[in-house]
1. Which whole-Hz ³J(HN,Hα) couplings does region 373-385 yield from phi under the Karplus relation 6.51 cos²θ - 1.76 cosθ + 1.60, θ = phi - 60°, glycine and proline marked x?
2. Convex hull over the alpha-carbon atoms of region 134-198: what's its volume per residue in Å³?
3. If you plug each phi of region 416-426 into the Karplus form 6.51 cos²θ - 1.76 cosθ + 1.60 with θ = phi - 60°, what whole-Hz ³J(HN,Hα) values come out, in order, with x for Gly and Pro?
4. Of all beta bridges DSSP finds with both residues in the chain, what is the antiparallel percent, to the nearest 5?
5. Take a quick pass over region 288-352 and tell me how many lysine pairs come in under 20 angstrom between Cα atoms, counting only ones 8 or more apart or on separate chains.
6. Within 10 Å of each residue's Cβ, count the other Cβ atoms and sort Thr263, Thr315 from fewest upward.
7. I need Lys186, Lys125 ordered by Cβ neighbour count within 10 Å, fewest first.
8. Quick check on the chain: helices-only [θ] at 222 nm, where DSSP H runs of length 4 and up contribute -39,500 (n - 2.57) each and the sum goes over total residues. Nearest 500, please.
Amino acid sequence: MKKKLLLILLLFIGLFSCKKKDTDSQTTWIGGQIVNPKLDYVIFAQGEYILDTVKLDSNNFFLYHTDKMKDGLYILRHNETQVFYINPGDSIMLHVNTLDFDESLAYSGRGAEKNNLLMDLYLKKELENKLLPSWYTLSPEEFTAKIDSIRSYKLNKYEDFIAKNKVDEGFKNAALTCINYDYYSKKELYGMANRIRADQLGDDFYSFRKDIDFEKEELRFYYPYYRFINRHFDNLLVSRNEPGVDRFSYQFSLDKLKTIDSTIVNDSIRNSLMRFTALRYLFNANSAEEEKLFYKEFEKMNNNPKHLREIKELTDATIKMSKGSAIPNVPLINTDNTIIGLHNVIRKPSILYFWTVKSKNQARVIHNRIAELKSKYPEYSFIGINTDDHYRNWRNYAKSQGYDLANEYQLENAVESEKTLVLSSMNKSIIIDKDKTILDGNTNIFNSNFEELLLGYLNR
């Protein structure tokens, strides 16, 4: 392992030496190691466009080179996603441990400094976001002073970096966007959290809005930029509605589509935001008629064929999961390694719940909740469905935890079945009548009204 790492380092050193002699070289090299890999490959992409898929070797190293990269932001995907900035001719080596993906990711080599700055800004932003809810109780003046101070610190760090490092305008734009649009996001979130105090925010609270550029094509997939724009539209609509408006509702989502369509000219940004809005609505929808109407409106506004196919397929799937429909007979595997249709395991009113060995804490919490519900509602059958693709790991873990194996199953084809059941969250549950009819195709066993639903269906 150490010899392999040394070999790659020597290769990179050689590359740097060559670049000093040949400054016209435009070949970009990216290498590194994935510790505790979740997959046997990494993906390099720019937005939705996949540049290449690179296999890991037996020691979980990869090495990739290309002359197709231009100045700009790119995406590294390996179960999780991170954005990095490339100038043609860079030779970057990265190291990441998937057990702590973001915090462990570090860059070295030519082009590393700028990416370590972006990574540092990202990690500070994530830490601040954890504290953000506790700041919502501050007055508008106190809140603004606090985040002004944070932004000033980051801008000073950026200016110091720029003074010491030669970087192009594209990187400057990306770094400043990370700082400024995250600042804007915090203000939009404060506005949403304190809607009843909107008249107390002051004339200058949203003064940053005059600086918003909705047409930054080069940043269309950059999280700080994209996330801000989405929050901005949410806040605009929240401020126009009554307190407590459901942001997942048909009308709110449709209004958001129309606002995006009338505000943003850039096709890729407008389409991506509308796609996100449609996904969020459909994953929470429960009316087949409204879902059909929503897709008709979406189809008029989004001109991306890939998005149209994706949202049409999801709309069809959510309609099939609507109340009153028969639950799809997806194939399952029992702990005896026998394939069995879902219909064959439903013999009385049932609750389907989902879990994964990849999140042992989620598995523990959800099974504890199920044990509580079982004792209260013996009229129901509680069917656990594992979403992993490794049979032996699932079975052994279920046995070791003492789960009720007679009611534990694994999806036989996780990818297809998750689409069919519109499984967007591990906390999703589905309530089914004894005749396999869906009573509620999209609820959550941790919702405060979940037990009221169970009682209501029993007392029909």
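1. Along region 373-385, the couplings run 5, 4, 5, 8, 10, x, 5, 9, 9, 10, 10, x, 10 Hz.
2. 77
3. 5, 5, 5, 5, 4, 8, 6, 8, 9, 8, 5
4. Counting DSSP beta bridges with both partners in the chain, the antiparallel share is about 70 percent.
5. For region 288-352, the number of qualifying lysine pairs is 12.
6. Least to most surrounded, the residues fall as Thr263, Thr315.
7. Lys125, Lys186
8. On the way: 14 runs with 221 residues, N = 460.
Using -39500 (n - 2.57) per qualifying helix, the result is -16000 deg cm²/dmol.
Every number here is computed from the coordinates shown, using simple stated rules; none is lab data. Predicted model only: the values in this text are computed from it and were never measured. Reconstructed Cβ throughout: ideal geometry from the backbone, glycine too, with neighbour counts over all protein chains shown.
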